[in-house]
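**Student:** Take this structure, written in structure tokens, and hold onto it; I'll ask about it next.
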Amino acid sequence: MMAGLISTIMVSCKKTTAPTPSDPTFEDMQVPEGFTFKTTREVSLDIKMPQSLDFSGMRSRFDVYTAKPSEGGSLITSGSFDTKGEFSGTIRIPTALTEVYVKSIAGSALVEVQSVSFKEDGVIIDFGDDYGYNIPDTTDPGGKSAPASLTQFEGRGFASVESNAVGNGDFETNSFGTMLYWSSLHPVDSKWYFTQYSGSMEWYNDGGNGLVRTPWTESGSQSYYGGVAQMIDAEPGDVITFSADIKSVGSNNRLYSWLYIIPVNSSNHALAYYNVRYYRPTATWTNKQVAATMPSGTDKVKILVWTNDYTAAASVYVDNIVVTGTVVDSDNDGVDDELDDYPDDASRAFDVYYPNEDDWGTLVYEDLWPGTGDYDFNDLVLDYQFKSVLSSSNKLVEFFVENSVRAVGASLHNGFAFSLGGDPSNVASVTGSSMLHGDVDLNANGTEQGQTNTVIFLFDDSFDMIGSSGSTFINTQLGIPYVDPDTNTVHVLYQNPVSVSTTGTAPYNPFIVADLAKSRGTEVHLPGQQATDLADTGLFGQWADDTDPASGKYYQTATNLPWALDIPESFDYPVEQVEVISAYNHFREWAESGGANYADWYKDLSGYRNSGNIYVPDN
């Protein structure tokens, strides 16, 4: 084996130009013990729905985005709630990500996440924190201040404009009825009714846009409260959502606003008062949302906007009300058709992605393990995106791996695979892999034989996945014709859905097998990742490798350097024989700080790159 290893190192990629003594090199880095070069981390996620929603017969849905979708945020994951209206699981996010946006039937929230360390602090959201259950406030609140909240809850979670259950929700038509009190009766007629309290509310033409607001007075003492309401038909068990855009004009020191869902029985008695409060609305339009399951005896529902305004030269503006009513669940899996990615398939409910719905990640490798390479990390450059399909109970039904070999900067014919938790016999089929050389023993279902965990190969020879460039090194050397990479899809289908706590999170444990035709055992993993059952553990501790299973150290040198990196977006890799620290100006600071500094070192930001050392296709 050692003789073969020496031969491999001699014929694979190596430096032909040594750096001058003054040049800092990759091997000069002082990497702290325990740092494994992760650009992503797993974060625990706990979500709790308000008690206004009954989950005994539904699961509903939540979505997690990299930012607000309206601001370019991309979908990371989706899921559903248990019978208590709770979810507990994990998400994998870039360490550079500072916040995530969580969207649900009860509203939405932008939540900060730790980004300067790898501590698993987690994300905890209780949408019930923003909910109330008391009757509208008709007393002067005096000088009380707004409650502090670390989480900023918003609305328009899953409320759909297309299925609006109220009429004139955008208030473009100036046609309103009146009622004396908030509790006064009015018909189900798609019409809004103003209360006749002191000041109440009024219709207002805001530069051609109709809305409702609290009356404006320039000065003097004000003290009034009131609202506008519409009645809709409903039945027990209906899930009603109510969202509206709200903002303030002028001083917001003592402005208060609520959205109310009030179910009423056939005797016109209110059964409950579900509300979300908004103290001191800001000058920017903000969407708020409340949701509730209608209780036994419900005959109709009052949709009420309630305001208390105790400030001169100020007003609360309300617009764009959307109310959803009856839930349709065609496949009876507990997920509303409008929220179900597979509304006619009870075994499937949600599509989830890694790195996210819009972006691909990149895995890059040095293939001379356990010897050192040239640290250009382009011996294999593989772009990938996972799309996983979950059931309504958040179990993994199947997944698709889109993959593309963008570069092969080596002479070795390397295979690529990944390992994930779970019994391989539970896999029904693996399709789409490129296994042309017979060097891997596969089970009938397409998984690798002799493995405790599930091991899936994408291909057994990297050169099969990319065309010839006329050079040994493909898409890594300037001046050599560029080869357009192909895109391939591997599909893994399970016999029985499996818990994601068993499989782990994508991209799982990806690895190459260096020069696979000569040795199945020469696995090269990301730092900190364990080898599979078929790895040649006799190579541990040889040459530059300092793997020590007893201490949990894998695939790093004695100075903690890696042989592989995983980047949560498409990575612009260095040209041949240029170390990554010479292409990315902050890589060294990131590594030597243990990930605390420049977690986004790989991005195309001002001062981050030495563009002359990054491979760019000639065509």
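Here, each number is a calculation from the coordinates, and none is a lab measurement. Just so it is clear, the structure is predicted and the values come from calculations on it, not from any experiment. With ideal geometry, Cβ positions are generated from the backbone for all residues, glycine too; neighbour counts draw on all protein chains shown.
**Student:** List the aspartates and glutamates whose alpha-carbon lies under 16 Å from that of Lys518, not counting same-chain residues fewer than 8 positions away?
**Tutor:** Within the straight-line limit of under 16 Å, Lys518 reaches these aspartates and glutamates: Asp367, Asp439, Asp441, Asp460, Asp461, Asp536.
**Student:** Of Gly421, His269, Val123, whose Cα points farthest to the positive end of the dipole of the chain (charges on the beta-carbon: +1 Lys, Arg; -1 Asp, Glu; origin at the Cα centre)?
**Tutor:** Ranked along the dipole, the leading option is His269.
**Student:** Between Asn613 and Gln530, what is the spin-label point distance in nm, taking each point 7 Å from the Cα along the Cα→C-beta axis?
**Tutor:** Output for this residue pair reads 3.7 nm.
**Student:** Using Cα atoms only, what is the angle between the long axis of helix 2-11 and the major principal axis of the chain, expressed in degrees (0 to 90) to the nearest 10?
**Tutor:** For 2-11 against the chain, the angle is about 80 degrees.
**Student:** In addition: In percent, what relative contact order does region 33-122 have, based on Cα pairs under 8 Å that are 6 or more apart in sequence? If you can, show how the numbers build up before the last one.
**Tutor:** On the way: 164 pairs, mean separation 31.9, N = 90.
Relative contact order for region 33-122 comes out at 35 percent.
**Student:** If you don't mind, another one. Report the one residue of Phe540, Ser251, Gly446 whose Cα lies farthest in the direction of the positive end of the charge dipole of the chain (charges on C-beta: Lys and Arg +1, Asp and Glu -1; origin at the Cα centre).
**Tutor:** It is Ser251.
**Student:** Same structure again: Just to confirm a number: summing +1 for Lys and Arg and -1 for Asp and Glu over residues other than Gln530 whose beta-carbon lies under 13 angstrom from that of Gln530, what do you get? Numbers along the way, then the final one.
**Tutor:** Numbers: positive: Lys553; negative: Glu523, Asp533, Asp548.
Once positives and negatives cancel, what remains is -2.
**Student:** Follow-up question, since we're still on this one. Step through the table entries Lys38/Lys395; Lys48/Lys84; Lys68/Lys103; Lys103/Lys302; Lys38/Lys553; Lys68/Lys288, compare each Cα-Cα distance with 18 Å, and write down the pairs that go over it.
**Tutor:** Too far apart for the 18 Å limit: Lys38/Lys395; Lys103/Lys302.
**Student:** Provide the convex hull volume over Cα atoms per residue for region 435-534, in Å³. Provide the component values of the computation, followed by the final result.
**Tutor:** Values: hull volume 13.9 nm³, N = 100.
So the per-residue Cα hull volume is 139 Å³.
**Student:** Quick one: which of 363-376, 254-267 comes out on top by average Cβ neighbours within 10 Å, and what's the full order, highest first?
**Tutor:** Top to bottom by mean Cβ count within 10 Å: 363-376, 254-267.
**Student:** Once you treat every alpha carbon in region 360-613 as an equal point and sum by Debye, what is log10 I(q)/I(0) at q = 0.07, 0.10, 0.11, 0.15 Å⁻¹?
**Tutor:** So the normalised log intensities work out to -0.24, -0.49, -0.60, -1.12.
**Student:** Where in region 54-74 is the amide nitrogen less than 16 Å from a point lying 7 Å along the Cα-to-Cβ axis of Asp341?
**Tutor:** Zone members listed by number: 60-66, 74.
**Student:** Given an 8 Å cut-off on Cα distances and at least 6 residues of separation, report the relative contact order of region 360-613 as a percent.
**Tutor:** Relative contact order comes out at 24 percent.
**Student:** Express in nm, to one decimal, how much length is gained between Asp359 and Leu478 on full extension, taking 0.36 nm for each residue of separation and deducting their alpha carbon distance.
**Tutor:** 40.2 nm
**Student:** Between Ser471 and Ser70, with labels modelled 7 Å along Cα→Cβ, what's the label distance in nm to one decimal, could you check?
**Tutor:** Placing both labels 7 Å along Cα→Cβ, they lie 4.9 nm apart.
**Student:** Kindly rank 554-566, 122-134 from highest to lowest mean number of other beta carbons found within 10 Å of each residue.
**Tutor:** Answer by packing, highest mean first, reads 554-566, 122-134.
**Student:** If I histogram all Cα-Cα distances within the chain using bins 20 Å wide from 0, what percent of pairs lands in each bin?
**Tutor:** Percent of pairs per bin, in order: 18, 41, 26, 14, 1.
**Student:** Between region 246-270 and region 536-552, what is the separation of their alpha carbon centroids in Å?
**Tutor:** Spelled out, the Cα-based centre of one part sits 65 Å from the other.
**Student:** Still on this structure, please answer the following. Averaging sequence separations of C-alpha pairs under 8 Å and six or more residues apart, then dividing by the length of the chain, give the relative contact order as a whole percent.
**Tutor:** Contact order relative to length: 14 percent.
**Student:** Compute the separation of the alpha-carbon centres of region 70-91 and region 329-354 and state it in Å as a whole number.
**Tutor:** 14
**Student:** Give the peptides 164-176, 588-600 in descending order of average Cβ contacts within 10 Å, highest first.
**Tutor:** Numbers: 164-176: 16.1, 588-600: 19.0.
For the peptides 164-176, 588-600, the packing ranking is 588-600, 164-176.
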